Amino acid sequence: MKKFNDIKGFIFDLDGVISTTSNLHSKAWQEIANEVGTKWTKELANNLKGVSRMDSLNLILKSGNQNHNYTAKQKKYLTDKKNSIYLRLVNQLTPYDVLPGIKDFLESLIRNNYLIALASASKNSSEVLKRLKLTRFFPKIVDPSTLKHGKPSPDIYLEAVKLLKLNPEQCAGIEDANAGADAINAANEISIGIGNKDILKQADIVFSNTEKLTLDNIKKFTTII
């Protein structure tokens with residue numbers, strides 16, 4: 001049984017959990033999808049959440065039945081182009097783009113002596129946190145480029161646990177995507193989903209939005225998991 005009192009650290013995804021940056025990724029990937037002739041759908045957009053840059057491109061190409069039509073060099077060009085589009089959008093971010101309740105939740109974690117880490121597949125997470133003025137809350141950030149496997153593999157969450165010097169069962173991970181929730185579960189941590197509970201069925205706890213993400217609410221749910 002997973003218990004609230006066992007939690008010593010919280011590990012955050014970035015896009016769709018801390019900020020609206022998931023929408024920025026979607027805008028950038030949609031441009032790439034249009035370029036390669038893949039139809040952009042809501043399902044495809046959802047499948048890209050929490051997934052690494054190259055894996056996302058491969059999903060787009062596969063969706064358009066074009067996964068064998070691009071060389072490694074061409075794929076690198078497309079992922080670099082996507083990143084350039086995304087960074088242009090990131091430059092417009094301000095603290096107003098932090099999702100409701102997140103800063104209050106982070107401050108409550110600091111007051112209650114919880115450790116905090118970031119486990120985002122984004123290689124631009126430090127720049128995003130800087131734009132959002134949240135850098136001080138995240139002294140520990142996993143570098144996704146050092147990992148062998150991306151989400152839904154547990155690598156990024158296991159690495160975050162190491163950075164915090166805790167055991168997996170002492171941590172709770174927060175995600176808005178199935179791939180992320182799967183990664184948390186595979187790491188044997190408490191999984192907290194943000195979004196639709198009918199979609200995030202595998203998460204231990206699901207809140208419909210970030211405003212409901214509080215220590216008191218998490219404590220209520222961890223009494224039954």
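The values are calculated or read from the model by the stated rules, or taken from the named source; none is laboratory data. Everything numeric here is computed off the predicted structure, so don't read it as measured data. Cβ: placed from backbone, ideal geometry, glycine included. Neighbour counts: every protein chain shown.
Screening residue 100 on (1) touching a Leu at 6+ places or on another chain (Cβ under 8 Å); (2) in the same structural domain as residue 134 (by TED's automatic domain parsing) shows it passes everything except condition (1).
Within segment 156-180, restricting attention to residues that are surrounded by 24 or more Cβ atoms within 10 Å (Cβ to Cβ) and at pLDDT below 95, the residue that is farthest from residue 45 (Cα to Cα) is 180. Quick check, is residue 76 over 20 Å from residue 199 (Cα atoms), modelled with pLDDT of 90 or more and touching a strand residue (DSSP E or B) at 6+ places or on another chain (Cβ under 9 Å)? Here the answer is no, as residue 76 does not meet what is asked. Number of residues in segment 144-154 that are part of a loop (DSSP other than H, G, I, E, B) and either of a type in the set (Ser, Thr, Tyr) or not assigned by TED's automatic domain parsing to the domain that holds residue 108 (or both) equals 1. Being in the same structural domain as residue 184 (by TED's automatic domain parsing) and not in a loop (DSSP other than H, G, I, E, B) is a property that residue 32 lacks. Just one of the listed residues (61, 57, 44, 89) is more than 22 Å from residue 14 (Cβ to Cβ), out of contact with any strand residue (DSSP E or B) (no Cβ under 9 Å at 6 or more places or on another chain) and part of a helix (DSSP H, G or I), namely 61. The condition (being more than 19 Å from the chain's Cα centre (by Cα), at pLDDT 95 or above, surrounded by 12 or more Cβ atoms within 10 Å (Cβ to Cβ) and of a type outside the set (Ser, Thr, Tyr)) is satisfied by just one residue among 32, 11, 18: 32.
Here is a yes/no grid of residues against (1) in contact (Cβ under 8 Å) with a residue 60 or more places away in the chain; (2) crowded, with 16+ Cβ neighbours inside 10 Å; (3) touching a Leu at 6+ places or on another chain (Cβ under 9 Å); (4) on the phi > 0 side of the Ramachandran plot:
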{"site": "47", "(1), (2), (3), (4)": "no, yes, yes, no"}
{"site": "56", "(1), (2), (3), (4)": "no, yes, yes, no"}
{"site": "62", "(1), (2), (3), (4)": "no, no, no, no"}
{"site": "67", "(1), (2), (3), (4)": "no, no, yes, no"}
{"site": "71", "(1), (2), (3), (4)": "no, no, no, no"}
{"site": "74", "(1), (2), (3), (4)": "no, no, no, no"}
{"site": "89", "(1), (2), (3), (4)": "yes, no, yes, no"}
{"site": "92", "(1), (2), (3), (4)": "no, no, yes, no"}
{"site": "95", "(1), (2), (3), (4)": "no, no, yes, no"}
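If a residue counts only when it is in the same structural domain as residue 112 (by TED's automatic domain parsing) and more than 25 Å from residue 56 (Cα to Cα), which helices (runs of 4 or more DSSP H) contained entirely in segment 155-225 have at least 2 such residues?
Ranges flagged: 155-164, 215-221.
Could we say that residue 26 is part of a helix (DSSP H, G or I), under 18 Å from residue 79 (Cβ atoms) and touching a Gly at 6+ places or on another chain (Cβ under 6 Å) here? Taking the combined requirement at face value, the residue does not satisfy it. Residue count for segment 110-143, restricted to those that are over 17 Å from residue 51 (Cα atoms), assigned to a loop (DSSP other than H, G, I, E, B) and of a type in the set (A, V, I, L, M): 1.
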